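Engineer: If you scroll down you'll find the structure; I have some questions about it.
The values are calculated or read from the model by the stated rules, or taken from the named source; none is laboratory data. Here the structure is a predicted model, which means the values were calculated and not measured. No Cβ is skipped: glycine too gets one built from the backbone with ideal geometry, and neighbour counts run over all protein chains shown.
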Amino acid sequence: MSATTHWEALLAWLHQEHGMKIGENDLRVECRYRPGVGNGLYALNVCPPSTTLFTVPASALLNIKTLVKRYPPRTPPLSGTQLVTLHLFLHRPEGNSESKDPAFGPYISVLPRNFDSHPLTWQVRNSCADLLQRLPPSVSKVLDIVARRFQIDWDTVFEYLQDHPHVIDASSRSDLDASVSFTKDPTTADDFLWAWLNVNTRCVYQRLKPTGSDPDNLTLCPVFDFANHSPDPPHLLPLPSNAEIWGTGSKRGEAYGLRTPPDASFEKDQELFIQYGAHANKTLFAEYGFVNAMPEGHVLKGIISGEVDLQDVLEEMLLARGAAGQWIKSALEEEGYWGDWTVHSSPKPAHPSFRLISALRLYHSVQVPTTSIPRNPDEVLDRWRDTLMGRHDSISPENEQAWRGTLLDICRKVIRRARKTLEEMNSSRPEQDADGWRQYAQDCIKTLWREELEVAEAVIVSVVNGEEFW
């Protein structure tokens, strides 16, 4: 089916099976496909501020409330992510055909058919080693965290299907058969990965549980997930929810829809965007498989906000300090200052995070390159803690000068490795693929490295200019 045919089939299902209103004043958007860009959500007519664009009935949403009664219970219960992923796994479309799921088939049929360009796919398949090896260390770290989440969910759902093999009988796929031994072979893992990435990249927050922070407060919503991400406003907003006032909605949850913001209108045929949270590019790439565009020089100038996580560099520095490094690490962990050591290009001036400053201050509280624990550890820690609590602005003028010098060294190291990787990538040709995603992936990775380079350059300028931080 074409994108237009899929869209029409989805609307027919939403209207006929779930009673969604799709009249001119009820559905003000449509999905359109643009070559080289993909699907997007576009305004059918002028949309003034605070205009409801569509409302999807609760019964058409894929979440823990609409699915829980379809599957045998488990103790502890499957999470929202695991349950929705299980359902998609059981009803994945075969080849180019449509999903045969009698309940949500028309919706599942419009979901992405593959995630070849997503870095988690490369890691799970043990493929694309050239791309994985090119990732900045901070991105690899986030990707490892995402991979652990995936593995936990895959292990849990696989165990569930082993305990309840008859669940497989409900699958609409011809290649799943409960009478045949269900194993963790690469094919089933790949099918589960497809389902899991659809949930991870397309779910939206919806209050379904009494506690607002419950991880099961997520849903997949037809129509909504055609909208693309943009870091720049204006963004579409979710309709107000009674659940946020009363704790939860009805037993089946609430309808979900989008509206225009109160301070912006949209022209006919204008593409409408959402925002996937205020995430750094490393998170966007590891979680969703894309990055925000960053024209060359915009991060350095502070036009676009850039961020670099320096965890790997500091860990190397501490490892080289032997017993002193281990002592510093333990102190940082005990005080809650281990990790999340970042530098930022904006707001101006480009700056290190307070957590990074604090770690470097403690690093230089033990004279470099000493590798032994200080003779007066409590005294050293007390002086450092005074800066954490705001009782003193610094440990000493010498300590301030030392950590600022080390920050310069760190930034220069980041610049060297970024330039080296970019030069190597620019001098090599990416492998060809039928869908052209490898070039796209290469461009994303280059953007990640260019961000690191420009943020480090901007921070060097700030330090050299004597900017005061925090």
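Engineer: Pick from segment 82-112 the residues that are free of Cβ contacts under 8 Å to residues at least 40 places away in the same chain and touching a Ser or Thr at 6+ places or on another chain (Cβ under 6 Å): which of them is nearest to residue 196 (Cα to Cα)?
Structural biologist: 108
Engineer: Residues 253, 212: which one is closer than 22 Å to residue 84 by Cβ, crowded, with 22+ Cβ neighbours inside 10 Å and in contact with a helix residue (DSSP H, G or I) (Cβ under 8 Å, 6 or more places away or on another chain)?
Structural biologist: Numbers: 212 fails: crowded, with 22+ Cβ neighbours inside 10 Å.
Residue meeting the stated conditions: 253.
Residues checked against (1) more than 30 Å from residue 393 (Cα to Cα); (2) over 25 Å from the mean Cα position of the chain (by Cα); (3) not assigned by TED's automatic domain parsing to the domain that holds residue 117:
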residue: 258; (1), (2), (3): yes, no, no
residue: 297; (1), (2), (3): yes, no, yes
residue: 316; (1), (2), (3): no, yes, yes
residue: 323; (1), (2), (3): no, yes, yes
residue: 326; (1), (2), (3): no, yes, yes
residue: 340; (1), (2), (3): no, no, yes
residue: 347; (1), (2), (3): no, no, yes
residue: 352; (1), (2), (3): no, no, yes
residue: 365; (1), (2), (3): no, yes, yes
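Engineer: I'd like to check something: does segment 366-380 contain any residue that is closer than 30 Å to residue 301 by Cβ and crowded, with 17+ Cβ neighbours inside 10 Å?
Structural biologist: Filtering segment 366-380 for residues closer than 30 Å to residue 301 by Cβ gives none.
No, that holds for no residue.
Engineer: Which members of segment 133-148 meet the condition of being of a type outside the set (D, E, K, R) and more than 17 Å from the chain's Cα centre (by Cα)? Lay out the reasoning, then the answer.
Structural biologist: Of the residues in segment 133-148, the ones of a type outside the set (D, E, K, R) are 133, 135-140, 142-143, 145-147.
133 - this is the single residue of segment 133-148 that is of a type outside the set (D, E, K, R) and more than 17 Å from the chain's Cα centre (by Cα).
Engineer: Now a separate question. Evaluate the following for residue 310: is it without any contact (Cβ under 8 Å) to a residue 60 or more places away in the chain, touching a helix residue (DSSP H, G or I) at 6+ places or on another chain (Cβ under 7 Å) and of a type in the set (A, V, I, L, M)? Walk me through it before giving the result.
Structural biologist: Details: without any contact (Cβ under 8 Å) to a residue 60 or more places away in the chain: no; touching a helix residue (DSSP H, G or I) at 6+ places or on another chain (Cβ under 7 Å): yes; of a type in the set (A, V, I, L, M): yes.
Considered against the rule, which asks whether it is without any contact (Cβ under 8 Å) to a residue 60 or more places away in the chain, touching a helix residue (DSSP H, G or I) at 6+ places or on another chain (Cβ under 7 Å) and of a type in the set (A, V, I, L, M), residue 310 comes out as no.
Engineer: OK, next. Only one of 232, 269 is modelled with pLDDT of 95 or more, charged (D, E, K, R) and exposed (fewer than 14 other Cβ atoms within 10 Å of the Cβ). Can you tell me which? Walk me through how you get there before you give the answer.
Structural biologist: Numbers: 232 fails: modelled with pLDDT of 95 or more.
Being modelled with pLDDT of 95 or more, charged (D, E, K, R) and exposed (fewer than 14 other Cβ atoms within 10 Å of the Cβ) holds for just one of 232, 269, which is 269.
Engineer: Looking at (1) modelled with pLDDT of 95 or more; (2) among the basic types (Lys, Arg); (3) within 30 Å of residue 195 (Cβ to Cβ), can you tell me which one residue 252 breaks?
Structural biologist: Against the list (1) modelled with pLDDT of 95 or more; (2) among the basic types (Lys, Arg); (3) within 30 Å of residue 195 (Cβ to Cβ), residue 252 comes up short only on (1).
Engineer: Six or more apart or on different chains, Cβ under 6 Å: which pairs go from a residue in segment 403-430 that's part of a helix (DSSP H, G or I) to one that's of a type in the set (Phe, Trp, Tyr) and surrounded by 12 or more Cβ atoms within 10 Å (Cβ to Cβ)? Could you list them?
Structural biologist: Final answer for the pair search is 418/449; 421/449; 422/449.
Engineer: Within segment 310-375, which helices (runs of 4 or more DSSP H) (wholly inside it) include 3 or more residues that are within 20 Å of residue 460 (Cβ to Cβ)? Steps first, please.
Structural biologist: Values: elements: 311-320, 322-334, 354-363.
By residue number, 311-320, 354-363.
Engineer: A follow-up question, please. For segment 1-25, name all the residues that are within 21 Å of residue 254 (Cα to Cα), touching a Ser or Thr at 6+ places or on another chain (Cβ under 9 Å) and surrounded by 14 or more Cβ atoms within 10 Å (Cβ to Cβ).
Structural biologist: 10, 17, 18, 20
Engineer: What pairs come up if the first residue lies in segment 262-279 and is under 17 Å from residue 39 (Cα atoms) and touching a residue at least 60 places away in the same chain (Cβ under 8 Å), the second is small (Gly, Ala, Ser) and surrounded by fewer than 16 Cβ atoms within 10 Å (Cβ to Cβ), and their beta carbons are under 6 Å apart, counting only those six or more places apart or on different chains?
Structural biologist: none
Engineer: Is at least one residue of segment 324-342 more than 30 Å from residue 128 (Cα to Cα), in contact with an Asp or Glu (Cβ under 7 Å, 6 or more places away or on another chain) and at pLDDT 95 or above?
Structural biologist: Narrowing segment 324-342 to residues more than 30 Å from residue 128 (Cα to Cα): 324-338.
Now narrow it down to the ones that are in contact with an Asp or Glu (Cβ under 7 Å, 6 or more places away or on another chain): none.
For segment 324-342, residues more than 30 Å from residue 128 (Cα to Cα), in contact with an Asp or Glu (Cβ under 7 Å, 6 or more places away or on another chain) and at pLDDT 95 or above: absent.
Residue by residue, here is whether (1) within 30 Å of residue 298 (Cα to Cα); (2) of a type outside the set (Lys, Arg); (3) loosely packed, with under 14 Cβ neighbours inside 10 Å holds:
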position	(1), (2), (3)
395	no, yes, no
403	yes, yes, no
406	yes, yes, no
415	yes, yes, no
427	yes, yes, yes
447	yes, yes, no
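Engineer: Which numbered condition in (1) at pLDDT 95 or above; (2) in a helix (DSSP H, G or I); (3) among the hydroxyl-bearing types (Ser, Thr, Tyr) is the only one that residue 440 fails?
Structural biologist: Only one criterion in (1) at pLDDT 95 or above; (2) in a helix (DSSP H, G or I); (3) among the hydroxyl-bearing types (Ser, Thr, Tyr) is unmet by residue 440, namely (1).
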